[in-house]
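*Asks:* I'd like to ask some things about the structure below.
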Amino acid sequence: MSDSLQNPLLQYLARLAPSSQLTMKYILQDAADRLGFEDCDIAEVPWHQLEPGHVTALVAALRADGYAPNTSSLYVNAVRGVMNEAWRLSLISQEQLLKIRTVKPTQGTRLPAGRNLKRSLIRELMDACAADPRPQGLRDAAVIALLYGTGMRKSESVNLTLSQVDFDERSLQVLGKGNKQLIKYAPPWAFEKLNAWLAFRREQLPEGQADDEFLFNRIRRGSHITRERITKHAIYYIARQRGTQVGVKIMPHDFRRSFITRVIEEHDLSIAQKLAHHTNIQTTANYDMRDDNERRRAVDRYDY
């Protein structure tokens, strides 16, 4: 039998989506380092020998280093995931698993990170892209339009293919977190940006060559459009570069935060939850990035 089939860590990672595997590998490597296995590859760490005291010590170390409660939860859940696999493989008893699961991560909450990108700022970003004579101008405008116009995640955007886009219905079928197929809808202006980019891309193809199946291409220096799909890191770079042009530090997830905030503003929380495809409505509420001035105005209206 393959060693990987009896390795709880490898079995745990195999259950995750590829986009989550890199994150959890980093977290588990850092957890292993903090537990004294800094010279050990995470696949060789004897995870099944962990006791509740080890997890308690990990939580305490994260708290001492100022890690946010959500980050602490991520670490603890990653370790629990590996221990669940250890139990499934009969490497630990159910009693040991239950004891491990009684250890709680750091409790508490933090104010949400990121920013709410106002419509005026999105227009500035579109203007910055329009002023760029390179192919990147059209591509980046389409990327930003889909991220902001649909609220999709950057990993969802880079994995999109033409077959997943319904141009008549202005919808996109994406594979979201948890391996779930989801339908995202985009406003007309977002599809205008996407169509402009795709039309330009097709014009650059040599006669007789078929269009690429994916939506967004990597563009090399010299404005050479490759036949390669862009990566999540490229989305990060696009957000940072275009943000710098308009004088604002932007992270890719800010587009999703702003989409959800705007839906909450203009409709309600339940509609935002459906469009964000959140299982828990509290998750949607955590995305509400309306600023202090808006909250003050709401309170100021309560006259006696």
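*Asks:* Name the shape class, rounded, prolate or oblate, that the alpha-carbon gyration tensor gives for the range 103-238, where a ≥ b ≥ c are the square roots of its eigenvalues, rounded holds for a/c under 1.5, and otherwise prolate holds if a/b is larger than b/c and oblate otherwise.
*Replies:* Prolate is the answer for the range 103-238, as a/c is 1.5 or above and a/b outweighs b/c.
*Asks:* Please work out how much length the chain gains when fully extended from Ser120 to Asp211, using 0.36 nm per residue of separation minus the C-alpha to C-alpha distance, in nm with one decimal.
*Replies:* Roughly 29.4 nm would be gained on extension.
*Asks:* Which order do Val55, Val165 fall in if you start with the one that has the fewest other Cβ atoms within 10 Å?
*Replies:* Fewest-to-most Cβ neighbours within 10 Å comes out as Val165, Val55.
*Asks:* Taking the Cα centre of the chain as origin, sum charge times position over the Cβ atoms of Lys and Arg (+1) and Asp and Glu (-1), and report the length of that vector in debye to the nearest 20.
*Replies:* Taking the Cα centre of the chain as origin, the dipole is about 520 debye.
*Asks:* Here's something else I'd like to know. Rounded, prolate or oblate: which one fits the range 15-87, using the alpha carbon gyration tensor with axes a ≥ b ≥ c (rounded when a/c is under 1.5, else prolate when a/b beats b/c, else oblate)?
*Replies:* Note, shape of the range 15-87 comes out rounded.
*Asks:* How much net charge surrounds Leu97 when only the other residues with a Cβ under 11 Å from the Cβ of Leu97 are counted, with Lys and Arg +1 and Asp and Glu -1?
*Replies:* Overall, the nearby charge balance is +2.
*Asks:* Provide the gained length on full extension for the span Gln181 to Glu95, in nm with one decimal, where the gain is 0.36 nm per separating residue minus the Cα-Cα distance.
*Replies:* 27.3 nm
*Asks:* If you project the alpha carbons of the chain onto their three principal axes, what span does each projection cover, largest first, in Å?
*Replies:* 71, 61, 33
*Asks:* Run the reach check for Lys25 against lysines, Cα to Cα strictly under 25 Å, same-chain hits fewer than 8 apart removed. What comes back?
*Replies:* Answer for Lys25, where 25 Å is the Cα cut-off: Lys99, Lys104, Lys154, Lys177, Lys180, Lys232, listed by chain and number.
*Asks:* Continuing with this model, one more query. Which shape class, rounded, prolate or oblate, goes with the range 1-131 when its Cα gyration tensor gives a ≥ b ≥ c as root eigenvalues, a/c under 1.5 marks rounded, and past that a/b bigger than b/c marks prolate?
*Replies:* It is prolate, given that a/c is not under 1.5 and a/b is the larger ratio.
*Asks:* If you don't mind, there's one more thing I want to ask. Let's test the formula: R0 of 45 Å, r as the Cβ-Cβ distance of Thr226 and Thr283. What FRET efficiency results, to the nearest 0.05?
*Replies:* After rounding to 0.05, the efficiency reads 0.75.
*Asks:* Quote the charge dipole size of the range 119-291 about the Cα centre in Debye, to the nearest 20; the model charges only the Cβ of Lys and Arg (+1) and of Asp and Glu (-1).
*Replies:* The calculation lands at about 660 debye.
*Asks:* Determine the gain in length on full extension of the stretch Ser20-Glu38; use 0.36 nm per residue of separation and subtract their C-alpha separation, reporting nm with one decimal.
*Replies:* Here the segment from Ser20 to Glu38 would lengthen by 4.3 nm.
*Asks:* Beyond 15 Å, what share of the Cα-Cα pairs of the range 128-205 remains, rounded to the nearest whole percent?
*Replies:* 55 percent
Coordinate-derived values only; no laboratory data. A quick note: this is a predicted structure, and the numbers were derived from the prediction, not measured. Every residue, glycine among them, receives a Cβ derived from its backbone with ideal geometry; neighbour counts consider all protein chains shown.
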